[in-house]
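To start, the structure itself, in structure tokens.
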Amino acid sequence: MDTLKKYKYLIALLSVFNFLLTPIYIAISGFNSAYLIVINYTLVIIGSSLIASMKVAKLTTYAIGFLTLLAIWLELSDTNSTIILAWRLVLSFLLFACFCIILVRQLLKIKEVNLQFILGPLLGFLYLGIIGGILFEAVHLLDSNSFHLVDGYSGYSFYYFSFISITTVGYGDITPLTSPAQSLTLVMNIIGQFYLAIVIGVFVGKYINTKSN
């Protein structure tokens with residue numbers, strides 16, 4: 001347990017990275033995509049829940065995580081159900097919003113620059129990208145003409161678009177067409193830049209305080 005507590009941020013970070021690499025696993029392994037998606041999502045829930053220091057927070061993430069996994073299974077069994085898709089998006093948003101709140105509360109307790117303080121903001125950046133992907137997918141659900149998408153796109157495309165938006169890369173392969181989609185893209189661009197600026201500022205401030213003490 002002490003080892004888990006010591007490396008909880010690293011475990012959570014690796015679990016989220018592993019989740020983002022799911023399409024690669026599906027392409028090279030030949031396994032059923034449903035199993036890989038559920039397994040990797042489960043690892044994210046378990047890994048990210050390690051960050052919570054309070055029992056209530058852990059139980060909350062487990063409960064929402066279980067409901068999210070249930071929605072994913074139902075969606076995979078009935079890919080044409082709009083209601084199940086909507087519930088999966090709502091539950092996913094609540095789950096990662098909880099992870100973000102827990103992460104921020106834990107980072108505020110750190111008084112010195114250490115491994116946890118370095119990995120925590122990286123994890124938060126990944127959470128931000130995933131939340132953006134959920135929101136982009138929700139916009140597409142409300143209006144299927146919201147984005148110009150490449151042929152053969154999947155739900156993962158919206159998470160890809162989220163990360164290239166917050167990093168302001170902008171390859172142009174996916175473009176927002178409607179006002180809501182453009183507004184959300186603009187907001188994600190701004191949040192991504194401010195996030196990096198704030199993290200760098202806080203990191204430098206903590207480092208200076210640690211050296212001065």
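Suppose the filter is more than 14 Å from the chain's Cα centre (by Cα), closer than 30 Å to K109 by Cα and either outside any helix (DSSP H, G or I) or not aliphatic (A, V, I, L, M) (or both); does A52 pass it? Yes: the conditions hold for A52.
Just name the residue that is farthest from G124 (Cα to Cα) out of those in segment 15-30 that are under 13 Å from the mean Cα position of the chain (by Cα) and of a type in the set (A, V, I, L, M, F, W, C).
So the first thing to find is which residues in segment 15-30 are under 13 Å from the mean Cα position of the chain (by Cα), and the list is 15-21.
Next, from what is left, pick out any that are of a type in the set (A, V, I, L, M, F, W, C): 16-17, 19-21.
Working: V16: 10, F17: 12, F19: 15, L20: 14, L21: 17 Å.
Ranking the qualifying residues of segment 15-30, first place goes to L21.
Residues that are farther than 30 Å from K6 by Cα and either surrounded by fewer than 18 Cβ atoms within 10 Å (Cβ to Cβ) or of a type in the set (A, V, I, L, M, F, W, C) (or both) within segment 125-141 comprise I134, L135, F136, A138, V139, L141, listed in sequence order.
Could you list, in sequence order, the residues of segment 172-183 that are in contact with a Phe, Trp or Tyr (Cβ under 9 Å, 6 or more places away or on another chain) and either buried (at least 19 other Cβ atoms within 10 Å of the Cβ) or within 23 Å of Y127 (Cβ to Cβ) (or both)?
Our first condition is that a residue be in contact with a Phe, Trp or Tyr (Cβ under 9 Å, 6 or more places away or on another chain); within segment 172-183, this holds for 173-178, 181.
I174, P176, A181 - these are the residues of segment 172-183 that are in contact with a Phe, Trp or Tyr (Cβ under 9 Å, 6 or more places away or on another chain) and either buried (at least 19 other Cβ atoms within 10 Å of the Cβ) or within 23 Å of Y127 (Cβ to Cβ) (or both).
Each residue in segment 79-111 was checked for being under 21 Å from F136 (Cβ atoms) and assigned to a helix (DSSP H, G or I), and 19 pass.
Listed here are the residues, each with its yes/no results for (1) free of Cβ contacts under 8 Å to residues at least 12 places away in the same chain; (2) among the polar types (S, T, N, Q).
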position: S162; (1), (2): no, yes
position: G172; (1), (2): yes, no
position: P176; (1), (2): no, no
position: P180; (1), (2): no, no
position: T185; (1), (2): no, yes
position: M188; (1), (2): no, no
position: I191; (1), (2): no, no
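In the set (1) surrounded by fewer than 18 Cβ atoms within 10 Å (Cβ to Cβ); (2) among the aliphatic types (A, V, I, L, M); (3) within 22 Å of L119 (Cα to Cα), the condition left unmet by L59 is number (3). Out of F66, F31, F99, F19, one residue alone is out of contact with any Cys (no Cβ under 6 Å at 6 or more places or on another chain) and either modelled with pLDDT under 90 or among the hydroxyl-bearing types (S, T, Y) (or both). It is F31. Of all the residues in segment 142-162, those that are surrounded by 15 or more Cβ atoms within 10 Å (Cβ to Cβ), out of contact with any Pro (no Cβ under 7 Å at 6 or more places or on another chain) and either farther than 13 Å from P23 by Cβ or small (G, A, S) (or both) number 5.
Determine whether F194 is outside the structural domain of L21 (by TED's automatic domain parsing), over 16 Å from the mean Cα position of the chain (by Cα) and outside any strand (DSSP E or B). Give the steps one after another, and end with the answer.
Values: outside the structural domain of L21 (by TED's automatic domain parsing): yes; over 16 Å from the mean Cα position of the chain (by Cα): yes; outside any strand (DSSP E or B): yes.
The answer is yes for F194.
When you scan segment 116-124, do you find a residue that is among the aliphatic types (A, V, I, L, M), within 26 Å of A197 (Cα to Cα), surrounded by fewer than 18 Cβ atoms within 10 Å (Cβ to Cβ) and not assigned by TED's automatic domain parsing to the domain that holds I26, even just one? The answer is yes, given that some residue of segment 116-124 is among the aliphatic types (A, V, I, L, M), within 26 Å of A197 (Cα to Cα), surrounded by fewer than 18 Cβ atoms within 10 Å (Cβ to Cβ) and not assigned by TED's automatic domain parsing to the domain that holds I26.
Collect the residues in segment 112-124 that are in a loop (DSSP other than H, G, I, E, B) and either at positive phi or touching a helix residue (DSSP H, G or I) at 6+ places or on another chain (Cβ under 6 Å) (or both), keeping them in residue-number order. Talk me through it step by step, then tell me what you get.
First, pick out the residues of segment 112-124 that are in a loop (DSSP other than H, G, I, E, B): 112-114.
Once the filter is applied, which keeps residues that are in a loop (DSSP other than H, G, I, E, B) and either at positive phi or touching a helix residue (DSSP H, G or I) at 6+ places or on another chain (Cβ under 6 Å) (or both), segment 112-124 yields E112, V113.
The values are calculated or read from the model by the stated rules, or taken from the named source; none is laboratory data. This structure is a prediction, so every number in the text was calculated from the model and none was measured. Cβ coordinates were reconstructed from backbone atoms using ideal geometry, including for glycine residues, and neighbour counts include every protein chain displayed.
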